[in-house]
Amino acid sequence: MEPIRLTNLLANDQLLYFTSSSLTQDDRWLIYISDRTGHPNLFALDQVTGEERMLTQNGQGYLKSYVYFDGSERKGLGKASVSLHDPSGTVYFIQDEDICAVDLIGNLRILAKVPAGQVTAFTHVSLDGRRLVVPTTDARALDYNRLIKGRPDYDIDARVQQENLVSTLHVYDTQSGVEILSERVPRAWITHVQFCPTDPDIILYNHEWPADCGIRRIWLFNARTRAHTRMRLEGAGRSKADWVCHEVWAANGDELIYHGGFSGGAYFVGKVNRDGSNRVELAFPPEYRKYGHFNISPSGLLVCDGYYQPEDEALQAGDRNEWQGGAWISLQQVDWERGVIRWIPVCRHGSTWENQDCHPHPIFNHAGNEVFFTSNKEGRRAIYKVRIAG
């Protein structure tokens, strides 16, 4: 299928991070980030009428946070902070020191302040729209002298471990702005958080970039019992451990999907129940080594922006770097019980993967018949959608 470009290439546009949908529940409004004003701002596109609305008025660049290490301290739009409540169309984000909400008309509310001495990352709003979780980490974690290829010139996780830095899960009431929970997690750099879609007392979170590969990556926090559960034991030692990343909830709220690589072996996609039972990890063909992200539809269909490797595009000798992202959007029909994956190529996304904003980060629409993604294949970043059969 040939993808349809939705934005005009007059600026750089991108989807929200894939742990949040960028589409309202009726699939009518597309929420995205654009730098068309010279600074990143939030926009909404009506896919029926073509109307575009500017939802924020940021003129201060972007905030220093996870992924955006070169941003300004406590100033600018938190590009990694945006999450959408699909049913209401309310968008949550961080601007400067403020935790904010804006609706599709542009009505803005300030809920709370980011605590002093903290840096932030991706946020998430519960499906019922009543809670917002904002992860923060002691600012010392990102206190660098210089950047190398966009990243601090030291091992961030190692600093977090050695200096006993703390991350905190802040949960706010989305109406009153009152902080209803503050859970400290010592020696952790938390960057990804997601409420369980069926139980807002359960929060999926991560330890980012562990120095020992994938160890400590996937965790669940139960706000009722205050229990923290590590969801996968990856092994011990940098040379021995598997690695895993990009954990997401299935719509049923009972299962987690993630992907990674076995130690010294194939890459894989995995599924596990939130109680730790029924873990299944399915290896890819050995030539599927083009790093990507997975997302899941309400019906359980997977989509990926990497890994898939057509036979006529075989890797060249020495081209074995998993961080070189793939060029295809593909679907995966997975029979978890039989251990079978059917790979279905959909279209080329053609993104260069040159930075975080160019990652395709594909998502399904709510109807499950379209996939949306970001690509800079035409020079500037733009948002595309492609129809999928069935």
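Per-residue ellipticity at 222 nm from helix content only, as computed over the chain with -39500 (n - 2.57) for each DSSP H run of at least four residues, stands at -500 deg cm²/dmol. In this label model, residue 69 and residue 8 are separated by 3.6 nm, measuring between points 7 Å along each Cα→Cβ vector. Remark: segment 339-390 carries 39 Å² of accessible area per residue (probe radius 1.4 Å; ligands, DNA and RNA excluded). Distance from the C-alpha centroid of segment 22-69 to that of segment 87-153: 15 Å, rounded to the whole angstrom. Sequentially through segment 121-134, phi angles give Karplus couplings (6.51, -1.76, 1.60; θ = phi - 60°) of 7, 5, 9, 7, 10, 5, 4, 7, x, 9, 9, 10, 9, 10 Hz, Gly and Pro residues having no value and appearing as x.
Note on the chain: with charges restricted to the Cβ of Lys and Arg (+1) and Asp and Glu (-1), its dipole about the Cα centre is near 540 debye.
State the percentage of accessible surface on the chain attributable to carbon and sulfur atoms; use a 1.4 Å probe and exclude ligands, DNA and RNA.
Details: 7420 of 16120 Å².
Accessible surface attributable to carbon and sulfur in the chain totals 46 percent.
Backbone phi angles across segment 296-309, fed through the Karplus curve with coefficients 6.51, -1.76 and 1.60 (θ = phi - 60°), yield HN-Hα couplings of 9, 7, x, 8, x, 6, 9, 10, 9, 9, x, 6, 3, 9 Hz in residue order; Gly and Pro are listed as x. Got a sec? Which residues in segment 24-49 would a label at residue 108 touch, if it sits 7 Å along Cα→Cβ and we count backbone N under 17 Å? Hits in segment 24-49 for residue 108 at 17 Å: 32-44.
Computed from the C-beta positions of residue 367 and residue 155, the FRET efficiency with R₀ = 45 Å rounds to 0.55.
With springs connecting C-alpha atoms under 10 Å apart, model the chain as a Gaussian network and identify which of 289, 217, 146 has the largest mean-square fluctuation. It is 146. The alpha carbon radius of gyration of segment 20-61, expressed as a multiple of 2.2 N^0.38 Å, is 1.20. Note the listed values (1) 5, 24, 33, 24, 10, 3, 0; (2) 5, 24, 35, 28, 8, 0; (3) 5, 23, 30, 23, 13, 4, 0, then indicate which one is P(r) over Cα pairs in 10 Å bins from 0, in percent calculated from this particular structure. So the calculated entry is the one marked (2). Please build a GNM for the chain, connecting alpha carbons under 10 Å apart, and tell me which residue among 187, 36, 131 fluctuates the most. Comparing 187, 36, 131 in the GNM, the peak value goes to 36. Figure legend: label point modelled 7 angstrom from the Cα of residue 222 along Cα→Cβ; residues of segment 248-277 with amide N under 18 Å from it are 253-256, 272-277. Between 164, 107, 121, the Cα set farthest toward the positive side of the dipole of segment 83-234 (charges on each charged residue's Cβ, about the Cα centre) is that of 164.
Among the listed pairs 64/271; 271/385; 149/271; 79/377; 64/377, which are separated by more than 31 Å between their Cα atoms?
The answer is 64/271; 149/271.
Computed from backbone phi with θ = phi - 60° and the Karplus coefficients 6.51, -1.76 and 1.60, the 3J(HN,Hα) list for segment 345-350 is x, 10, 6, 7, 8, x Hz; x is used for glycine and proline.
Note the full-extension length gain between residue 51 and residue 39 as 0.36 nm times their separation in residues minus their Cα-Cα distance, in nm to one decimal.
Details: separation 12, 0.36 × 12 = 4.32 nm, distance 2.07 nm.
Full extension of this stretch gives 2.2 nm more.
Averaging the sequence gap over all C-alpha pairs within less than 8 Å and six or more residues apart, then dividing by the number of residues, gives the chain a relative contact order of 12 percent.
The values are calculated or read from the model by the stated rules, or taken from the named source; none is laboratory data. Not measured: the values here are computed from a predicted model. Every residue, glycine as well, gets a Cβ built from its backbone with ideal geometry; the counts of neighbours run over all protein chains shown. To get the accessible areas, we keep the full protein, side chains included, count just its heavy atoms, and leave off ligands, DNA and RNA. Shrake-Rupley method; radii C 1.70, N 1.55, O 1.52, S 1.80 Å.
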